[in-house]
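Accompanying notes for the structure given below.
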Amino acid sequence: MLVCSWFSGLVAELCFVLLVMAFPAALIALAVARNGKLGPLWLPLAALTLILEACGVAILMLRGQILEAPWFGGFPVAAAIQIYGLWLGPLLLVALAYGLTFDRWELREEDLRRFNARRDRNGGRGQ
Amino acid sequence: MTASPVNPSIVASAVVYLALVTAVGIWAAGRTKSAKDFFIAGQKIGWVVTAFATMSAAFSGFVFMGGPGLMYRVGVASLFICIPVGFTSGFLCWVVGKRLRLLAGLREIYTVPDVILIRYGSRRASGLAAVAVIIGTIGYLGAQIQALGILIEMVFGTRAVLGQWSLPAAMILGCAVVVFYATAGGMVAGVYTDLFQGILMVAAAVAVFFYCFQSGGGLEAMSRSIVGSEAFGPSHLDPFGTLPVMTAMGFFFVFAVGLLGQPHMLHKFFMLSDPRDLKWMPLVIGLTQSACILIWLGIGLAVPALVAHGRMIALVNPDQAAPQFLLSFTPPILAGMVFAGVLAAIMSTADSFLNIGSAAIVRDLPKAFGRRVPNELLWGRVAVVGIAGFAAVFAFVYQDLIALVGTFAFGTFAAALAPAVAIGLNWRRVTAAAATASMATGMVVNLGLEFLSKQTFLDWLPSVSLKAGVLPAAVSLSASFTVLLFLTWLSPSRPQPDLDSDVDFVMDL
């Protein structure tokens, strides 16, 4: 990303968009992986990456084509992709993926038991 | 914003609002008996309150007033600042939320520099984080106090009565209310006022969106009016039409990834009573943030459409978009509610910064020098008053400078803290040296680029200009991630032998 900001033109812009859109999912993958596996989160993370990348590239490719391009949901298609795709699309995907996989991946019963045991050993601080 | 005639509904809403938050402060004072209560609300807060507090602390008055104005000026490209909220709530919980909460359950952790100290075992790294928190806090807080003064001046029409003393008097009044509840009730008052403020913000934003929709004739009618007008044209609704790609995507990057370094948001995870409460927090935070952003989108579309139709005159100052729309196209009671909502947005951000700023002075800096302040509750309260006073004086004396500092506070936090916290809590190989270098790089590059590219106070300093459209905050955030990853890559490929056992345990969960 740092390198892209020193160049201009479509290739540099495309690289910047691709990297910016991939970065959040990469950080999530680093955080949630257990023994190198993403478990039930691989599908939502793949979907998030795909949505962000596809929307970013589509908006870039549709630049300057507001009058020629079709309209969707009350907006020219580029703005519709930005609003419905980049904003509202990931909203339910990410929030529901987090909530629905929480007990079996993010914080399992077994994790909680280990945590509570350690907390008690540390002197019963917090939960 | 300029002075406008006093509107009784707006005055009444503001008075009721200020009275309510003061009452919450009085109630919370009786529940604040220890430093833990003061700094992290006793770690007894449930998920709904925490979610609303996180949302309202994240959104300042900019979302309600600055956002619609920016959209009036540059079109939908401005939305790249706020649309990351679609995924950032889950992103925040996955990347740092769980580990911050679990660590705070095992150790005495009240602040982000506390986390840095335990994770890296380095007082230098923790001290540097505290310095970043203090610099950012002064900037953010000064900007909030200044905005509070301007808004109170407008709502109560004090300029006509007090003349040149109007702004300082309005700043003192607004500041006194926030300082009262932040001092008396600490974070207990902070989170419960944030809950009330958050509900007010969501209700106001949704109601205003409805009126925008109605006044403009629907989304497509507004969009077609804008595209067909000479004043705005098709580029106004082109996401990359009015801003360079690097600027628009830079906003998206900084406001998405940079969120991981915002201490006023990370701080909320320490307060959760039960780690399992994290489960539905992303849903509540994401939905409430998105609801608030409707005001940005709604007014940002409605005002250009109304101008294109000749139903509003073109704005000389784009920041007038929201006030003009509210006063002309919504019922007075709703306008009053929105102005109270803006006060709420400003105050909820300010109270969070007062708390983390006082913690940085009373806990983090002394700990970086190997010392502890004996009575943290007492000195925490004193520090809240001190920081508020300093930020208010700074904001009043250096009005232009504080606006500048306020704009780059988010980037400073992002570049200084995001890599060390987000990568450091998820990768055992990151060393204290890499974290310290990353924080120093983020802070120096961001402050240096922002200051040298925008300052006009010191003629003798060189001006730095980046390639057209590249944001200093995006450069500094990328640079601090690069430094952290590069130095970690250079280090031996095994976990740090001196990694704290509790940190190691939490990273394993």
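For the charge dipole of the stretch B:64-188, defined by +1 on Lys and Arg C-beta atoms and -1 on Asp and Glu C-beta atoms about the Cα centroid, which residue among B:Gly127, B:Val155, B:Leu117 has the Cα displaced farthest towards the positive pole?
B:Leu117
Once the other residues with Cβ under 11 Å from the Cβ of B:Thr54 are scored (Lys, Arg +1; Asp, Glu -1), what is the net sum? Before the final figure, lay out the partial values.
Numbers: positive: B:Lys268; negative: B:Asp194.
So the environment of B:Thr54 carries a net charge of 0.
Compute the distribution of all C-alpha to C-alpha distances in the stretch B:29-100, in bins of 10 Å from 0, and list the percent of pairs in each, rounded to whole numbers.
Answer for the stretch B:29-100: a P(r) of 15, 35, 28, 18, 5 percent.
List the extent of the Cα atoms of the stretch B:122-216 along each of their three principal axes, largest first, rounded to whole Å.
Computed over the stretch B:122-216, the largest-to-smallest principal extents equal 57, 37, 27 Å.
Taking one equal scatterer on every alpha-carbon of chain B, how large is log10 of I(q)/I(0) by Debye at q = 0.08 1/Å?
Listed by q, the Debye log ratios stand at -0.47.
Using a 10 Å cut-off on Cβ to Cβ distances, tally the other chain neighbours for every residue of A:15-27 and report the average as a whole number.
Numbers: counts 0, 7, 7, 0, 3, 10, 4, 0, 5, 13, 2, 0, 13.
Counting other chains' Cβ atoms within 10 Å and averaging over A:15-27 gives 5.
Taking each residue in B:73-85, count the Cβ atoms of any other chain within 10 Å of its Cβ, then average. What number comes out?
Mean partner shielding for this stretch: 3.
Using a simple charge model, +1 on the beta-carbon of Lys and Arg, -1 on the beta-carbon of Asp and Glu, nothing else, what dipole does chain B show about its Cα centre, in debye to the nearest 20? All intermediate terms of the calculation are to be shown ahead of the outcome.
Values: 28 positive and 22 negative charges, 179 e Å.
Charge dipole, chain B, about its Cα centre: 860 debye, nearest 20.
Over 18 Å between C-alpha atoms is what I'm after, so list which of B:Lys98/B:Lys367; B:Lys36/B:Lys367; B:Lys44/B:Lys268; B:Lys98/B:Lys279 land there.
Numbers: B:Lys98/B:Lys367 25 Å; B:Lys36/B:Lys367 16 Å; B:Lys44/B:Lys268 11 Å; B:Lys98/B:Lys279 10 Å.
Cα-Cα > 18 Å for B:Lys98/B:Lys367; rest within.
How far apart, in nanometres, would the label points at A:Ala46 and B:Val48 be if each is projected 7 angstrom from Cα along the Cα-to-Cβ direction?
Those two pseudo-labels are separated by 3.8 nm.
Based on alpha-carbon positions alone, could you give the equivalent ellipsoid semi-axes of the stretch B:185-274 from the gyration tensor, as √(5λ), descending, whole Å? Numbers along the way, then the final one.
Details: eigenvalues 263, 100, 13 Å².
Whole-Å semi-axes of the equivalent ellipsoid: 36, 22, 8.
So if I place +1 on the C-beta of Lys and Arg and -1 on the C-beta of Asp and Glu, and nothing else carries charge, what would the dipole magnitude of the protein assembly as shown be about its Cα centre? I want it in debye, nearest 20.
Details: 39 positive and 31 negative charges, 318 e Å.
Computed charge dipole of the protein assembly as shown: roughly 1520 debye.
Taking other Cβ within 10 Å of each residue's Cβ, how do B:Trp47, B:Trp427 sort, fewest first?
Numbers: B:Trp47 19, B:Trp427 15.
Ascending Cβ contact count within 10 Å gives the list B:Trp427, B:Trp47.
Pairs of Cα atoms under 8 Å, at least six residues apart: use those to get the relative contact order of the stretch A:2-118, whole percent. Mind dumping the intermediate values first?
Values: 77 pairs, mean separation 26.4, N = 117.
That works out to 23 percent.
log₁₀ I(q)/I(0) of the stretch B:336-391 at q = 0.24, 0.28, 0.29 Å⁻¹, via Debye over equal Cα point scatterers, no solvent, to two decimals?
-0.88, -1.03, -1.07
Contact order normalised by length for chain B, with contacts defined as Cα pairs under 8 Å and 6 or more residues apart; what percent is it? Provide the component values of the computation, followed by the final result.
Values: 910 pairs, mean separation 155.7, N = 509.
Relative contact order of chain B: 31 percent.
Based solely on C-alpha atoms, express the radius of gyration and the Dmax of the protein assembly as shown in angstrom.
Reported Rg and Dmax, both Å: 23.4, 71.
Sequence neighbours fewer than 8 away in the same chain don't count; with that in mind, list the aspartates and glutamates whose C-alpha is under 13 Å from B:Lys33.
B:Glu376
Treating the stretch A:2-118 as a set of equal point scatterers at the Cα positions, no solvent, please give the Debye-formula log₁₀ I(q)/I(0) at q = 0.10, 0.12, 0.21, 0.23 Å⁻¹.
For the requested q values the scattering log ratios are -0.43, -0.58, -1.15, -1.25.
Just checking the output field for B:209-221: average partner chain Cβ neighbours within 10 Å of each residue's Cβ? Before the final figure, lay out each step's value.
Working: counts 0, 0, 0, 0, 1, 0, 0, 0, 0, 1, 5, 5, 1.
Other-chain Cβ atoms within 10 Å of each residue's Cβ, averaged: 1.
None of the figures in this text is laboratory data; all of them are computed from the coordinates on show. Values in this document were obtained by computation on a predicted structure and should not be read as measured data. As a convention, Cβ positions derive from the backbone with ideal geometry for all residues, glycine included, and neighbour counts pool all protein chains shown.
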